[in-house]
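Remarks on the structure that follows.
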Amino acid sequence: MNQKVSIITINYNNLKGLQSTAESILRLDYQNFEWIIIDGGSTDGSKAFIEQMDEHLSFWCSEKDKGVYDAMNKGISHAKGEYVIFMNSGDSFYSETVLSQVFANLKYSPDVIYGNALYIFEDHEELKSVPKTIDFRFIYEYTIFHQASFIRRELLVENGGYDINLKIVSDWKIWLIFILQNRVFVYTPYVICRFDAYGISTGHDDNVNKERNIVFQEILPPGIITMMEEVYAYESIIPYQKYLFYRIAEIRFVKRILNGFIKFIKIFVKYGK
């Protein structure tokens, strides 16, 4: 199939990253795509570069917004493709053939097509893989790589886009919503993107957890939240219980050997004189 893909790039004062992203997009051998750039009013020369790219763009703007999710929604509102993928400044497609590989053998149009990502750190690269089946439990704990996912545009529109009241996990929230709506996720084995992971820190973990809890309270019934908490609390105990079981079994086995050896010594001493 040859579905039209809307590639949306969000940028703010990241000219070097934007240039890298543009290079990867312009190398694509897949022809049926449009490219949209939403810039947040950059002052580092990004706007001038975007103007140079005008002939390659179906839409672009450079203006202040309410954050990355507001910019993403803006991009969606101007998209015309069947599928949307966000390839933000600094990120790039893994290869020039990846879109052709993903869509060449597609027999129908699932709600979400997702693949793997190559994380680029300052001093190394790390391949991040996702499971072939996505379910509620996986999304409850983890997420899908946004730059390695193609989402049906109509599905994003139907759900009102991304929640701009969230600062960190709005993309994760949309995955959770799709799972609860029983949407069709299809895995593709290809590495879709090179993700700029430089500067990623665990310092935001507390804020991530706070926002996730807000989402849980908003869209999950209280009974489900309680059940999941109990499941994970139980499973955190299981490994230790297994450890104790094997340690006890090991001690009992050693005791049996020692008791047998002691009995042998006693018999030897008694009859060996």
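Below, the figures for the structure above:
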item	result
Residue satisfying all of: in the stretch 23-54; of a type in the set (S, T, N, Q) and in contact (Cβ under 8 Å) with a residue 24 or more places away in the chain; nearest to Ala71 (Cα to Cα) among these	Ser42
Subset of the stretch 65-97 that is in a loop (DSSP other than H, G, I, E, B) and of a type in the set (Lys, Arg) - its residue that is nearest to Ile37 (Cα to Cα)	Lys80
Which listed residue is out of contact with any strand residue (DSSP E or B) (no Cβ under 6 Å at 6 or more places or on another chain), closer than 23 Å to Tyr190 by Cα and in the same structural domain as Ile120 (by TED's automatic domain parsing), from Glu55, Glu82	Glu82
Candidate set from the stretch 98-148 (those that are acidic (Asp, Glu) and outside any helix (DSSP H, G or I)); member that is farthest from the chain's Cα centre (by Cα)	Asp123
From the options Asp123, Asp111, Asp135, residue that is of a type outside the set (Val, Ile, Thr) and touching a strand residue (DSSP E or B) at 6+ places or on another chain (Cβ under 7 Å)	Asp111
Qualifying residue in the stretch 46-54 (condition: assigned to a loop (DSSP other than H, G, I, E, B) and either under 19 Å from Tyr94 (Cα atoms) or acidic (Asp, Glu) (or both))	no
Selection from the stretch 44-53 of residues that are touching a helix residue (DSSP H, G or I) at 6+ places or on another chain (Cβ under 7 Å) and surrounded by 20 or more Cβ atoms within 10 Å (Cβ to Cβ)	Ser46
Residue, modelled with the lowest pLDDT, within the stretch 178-209, restricted to residues that are surrounded by 13 or more Cβ atoms within 10 Å (Cβ to Cβ) and charged (D, E, K, R)	Asp196
Close pairs from the stretch 151-168: first farther than 19 Å from Arg212 by Cβ, partner aromatic (Phe, Trp, Tyr), Cβ under 7 Å, at least 6 apart	Ile151/Tyr83; Arg152/Tyr83; Arg153/Tyr83
Residue count, the stretch 155-171 (criterion: closer than 16 Å to Phe185 by Cβ, out of contact with any His (no Cβ under 8 Å at 6 or more places or on another chain) and in a helix (DSSP H, G or I))	2
Considering residues of the stretch 54-71 that are touching a helix residue (DSSP H, G or I) at 6+ places or on another chain (Cβ under 6 Å) and not acidic (Asp, Glu) only, the residue surrounded by the most Cβ atoms within 10 Å (Cβ to Cβ)	Tyr69
Conditions (1) out of contact with any strand residue (DSSP E or B) (no Cβ under 8 Å at 6 or more places or on another chain); (2) of a type in the set (A, V, I, L, M); (3) modelled with pLDDT under 90; number of the one not met by Val215	(3)
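The values are calculated or read from the model by the stated rules, or taken from the named source; none is laboratory data. Since we're looking at a predicted model, the values are computed, not measured. Cβ atoms come from the backbone with ideal geometry, glycine included; neighbour counts cover every protein chain shown.
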